[in-house]
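No lab work stands behind these numbers, since they all come straight from the coordinates. This is a predicted model, so every value here is computed, not measured. All Cβ positions, glycine included, derive from the backbone under ideal geometry; neighbour counts span all protein chains shown.
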Amino acid sequence: MQNDILAHISYKSVPELLEYQAQNRPDKTHLLYPDLTSDPLRYASATFAQVNGIANYLADKYAKQIDLSSNSQKSIVVCLLANTSVNNLLTFYGLVKLGVVVFPLSIRNSKAALEHLIKTTEASYLVIESGQIQIELDGLKLIPLENVDWNKNYNSSQPINRTEKDSLENIQLILHSSGSTAFPKPIRLTNRGLFYIHQVQASANKGFREEGDVVLTLGALFHVAGLCTAVGCLMSGATYALPLSKIYPPTPKQLVANIQVEQINKIFSVPVFLEQLINELESDKSATYEPLKRMKHIFYGGASLSDHIARKFVGNGIRITSNYGATETGMVMMNDLNSPITRYNFMKIAECRKPFVMIRPDDHVLVHLPNDPFCQPGIANQPDGSYSTNDVFIEDPPGSGEYRVEGRQDDTLIHVNGEKTNALPMEHNICASPLVKRAAVFGHKRLCTGVLIELNREEAEKYSNDEISDLVWEAVQAANKTAPNHSRIVRQMIKCLPMSKTLSITDKGNIMRKRIYNDYADIIDKLYEKFLKPDQQNTELSKGNNKQEWNQTSLKNYILELLTKLNIKDSDEHFDTSRSIFDVGFDSLHAVQLRNELTSIFPSIPLNFIYEYSTVDSMVDELISRNNKINTKSINNDPKHYALTENLIDKYINLMKNDSSPINPI
């Protein structure tokens, strides 16, 4: 390709890049990570030479367990299953030094999804962190994750001798999609594609990332944004900063503490962390926006940022920077760093990419042409070899060359945390019930999914409202069983429309998703408001529970019952109450559900409570402490109060056992 933006680089792979920086910037700090040996809220550091030395050491350790002598023409695929941490990143660097293809896996995947990805990529090895889901497959060798000893001197470690020559066209990495269908999809990245992601951004915006930058990265290392930001810092000579937390993800309070670190001058984040950060700043009267004003820019990607959150940044004079790209295609559009900060969500196509993409005039969908050299191999989804993103863009104002994302042409919903939900298969499964005529799943730019139900009038007339509610819930539960965890619909997010209302459809019978969302925008907003910010709907229950009766044991058992109800643990399973529940499949939707349950008994629990107290033990301690403070101020001496309390608790427990929380009424 003429005028290749990689023409100036001398390295052809990540291993060569590590060696290059170790020789040219040996003593410059490249990595900031939580100091787990003393204080995880303080940074320890490693230079380029140290990072390269550790990678060489780890490569030597793993070489003793991976057979690199195979005569097969196929590349050796090594999967990596570990939480985001400094050990995870350094293990990636060590493995690529062996010349193998590394496949980081999300720890949020189900066991079935992990097995599918391993089989699909024909992986032979799985480097696995202690405590992760155990995978046993024929032909798969499990290798324990090596923990780095930071007291050891690694500078003398030498690189592994390899006979094959590195090339920009070699597959270096496999990443996977979020799993908008039943299982996530593996996507292979070449060295060229990996390096392009950073270089496109650097060519589009002068000063995007420079040697003196310290970039705090709030994104998982199994995701293209988190890992490729690390590679981008490696390419530019910048410092890559992991979040200050003992266990990823960081809590909202840790996010606030993290932005106080004076060295940090840029942030990359997925939108969900920015929302948590703003919510924490708004709720903590002692916190200010001043540390964020120090940032040159806050770069976000992976999903859209809610307008009300973006306005908090812009209103305080803080530059937030949007971008558009995908694992399959690399970076395509960026916000102009010289534009007014109010234009944060308007982007320009990078000059180097303009000859290879087009926005179709009829439907405004971005398409990558068959000759696009920036795309990863094997991604074409059109007969002519092009790749349609199904993402709709609007040029605003017309002729300006500045675009904003309007939405998806297809039925994929992108949530605020970057996860994706394919609404169509869920709708089909729900409509398998004879009671349901049509269903419209929603959740784009939201934390979780919900569904609008149009009932089959003839069938509905056979049942009472309560029976309809139970039958519709059964249909949704059936759809949840085959959906990814992040896509499942909770009972409170189901709305059965009145018999006089319908869901708009096309001539071909397909639901008109955008029109439906507009028609029922108020109903959808109220569902989220009621679910995400419960306002003590059962006030008698909240008032009646005698908080003085709770102790450490009874409250711990109660929370464990709730975790069982949320399918986080089995009823007879031993559960480590000192371990973060986010380590065992707990996610943001679970957090909302658990908080709502606890709020019905312990009012005024903050929105970020579950993130701040992510172990059962810490939840119990905090709730008991809060409860004691309340009860010392207001003790009810009415003898009838205690009998009423016992009756209400019994009633609540019975409701829980019967799972009889009502669907929003018809």
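Projection of the Cα convex hull of the range 351-449, averaged over all directions and equal to a quarter of that hull's surface, yields 8.9 nm². Looking at the range 453-525, the GluC sites (Glu not before Pro) that sit in a DSSP loop and have at most 10 other Cβ atoms within 10 Å of their own Cβ are 461. Projection of the Cα convex hull of the range 97-247, averaged over all directions and equal to a quarter of that hull's surface, yields 11.5 nm². The fewest-to-most ranking of 135, 320 by surrounding Cβ atoms within 10 Å reads 135, 320.
Between helix 588-599 and the chain there is an angle of about 30 degrees, using the helix long axis and the longest principal axis of the Cα atoms.
Distances over 20 Å make up what percent of all Cα-Cα pairs in the range 230-321? Looking at the range 230-321, the distances longer than 20 Å represent 32 percent of pairs.
Between the residues 5, 386, 339, the greatest Cα displacement towards the positive end of the dipole of the chain, with unit charges on the Cβ of Lys, Arg, Asp and Glu, is found for 339.
The helix-based estimate of mean residue ellipticity at 222 nm for the chain, built from -39,500 (n - 2.57) per DSSP H run of four or more residues and divided by its residue count, is -10500 deg cm²/dmol to the nearest 500. For the chain, the longest principal axis of the Cα atoms and the long axis of helix 86-96 meet at an angle of about 40 degrees.
Here residue 28 is the anchor, and the aspartates and glutamates within straight C-alpha reach of less than 20 Å, apart from those fewer than 8 places off in the same chain, are 16, 19, 210, 211, 213, 262.
Relative to the longest principal axis of the Cα atoms of the chain, the long axis of helix 111-120 makes an angle of roughly 30 degrees.
The spacing between the range 127-176 and the range 339-379, judged by their C-alpha centroids, is 34 Å.
Based on C-alpha pairs under 8 angstrom that are at least 6 apart in sequence, the chain has a relative contact order of 9 percent. Were the residues from residue 470 through residue 625 laid out at 0.36 nm apart, the gain over their Cα-Cα distance would be 52.0 nm. Taking one quarter of the surface of the convex hull spanned by the alpha-carbon atoms of the chain gives a direction-averaged projected area of 32.5 nm². Just the number, please: percent antiparallel of the DSSP beta bridges in the chain, rounded to the nearest 5. Antiparallel: roughly 55 percent of the beta bridges in the chain. Using Cβ point charges alone (K and R +1, D and E -1), the dipole size of the range 278-420 about the Cα centre works out to roughly 680 debye. Pairs from the table (285/556; 312/495; 119/420; 74/141; 253/495) lying more than 27 angstrom apart at Cα are 285/556; 312/495; 253/495.
When 575, 442, 531 are arranged by Cβ crowding within 10 Å, least crowded first, meaning fewest neighbours, the order is 575, 531, 442.
Of the residues 468, 523, 496, the one whose Cα sits farthest toward the positive end of the charge dipole of the range 412-532, with +1 on the Cβ of Lys and Arg and -1 on the Cβ of Asp and Glu, is 523.
Rounded to two decimals, what ratio of Rg to Rh does the range 412-532 give with C-alpha atoms and a Kirkwood Rh? Mind dumping the intermediate values first?
Values: Rg = 13.5 Å, Rh = 14.5 Å.
Using only Cα positions, Rg/Rh for the range 412-532 is 0.93.
Here the dipole of the chain is about 840 debye; that uses its Cα centre as origin and unit charges on the Cβ of Lys and Arg (positive) and Asp and Glu (negative).
For the range 424-493, the convex hull spanned by the alpha carbon atoms encloses 75 Å³ per residue.
In terms of Cα to Cα distance under 16 Å, which lysines are near enough to residue 348, apart from those fewer than 8 places away along the same chain? Straight-line reach from residue 348, under 16 Å: 206.
Using a Förster distance of 22 angstrom, determine the FRET efficiency expected from the C-beta separation of residue 573 and residue 130, and round it to 0.05.
0.75
Which one of 237, 189, 208 is farthest out on the positive end of the charge dipole of the range 157-293, using unit charges on Cβ (Lys, Arg +1; Asp, Glu -1) and the Cα centre as origin? The one lying farthest along the dipole's positive direction is 189.
About its Cα centre, how strong a charge dipole does the range 412-532 have in debye, to the nearest 20, once Lys and Arg get +1 and Asp and Glu get -1 at the Cβ?
The calculated dipole for the range 412-532 is roughly 480 debye.
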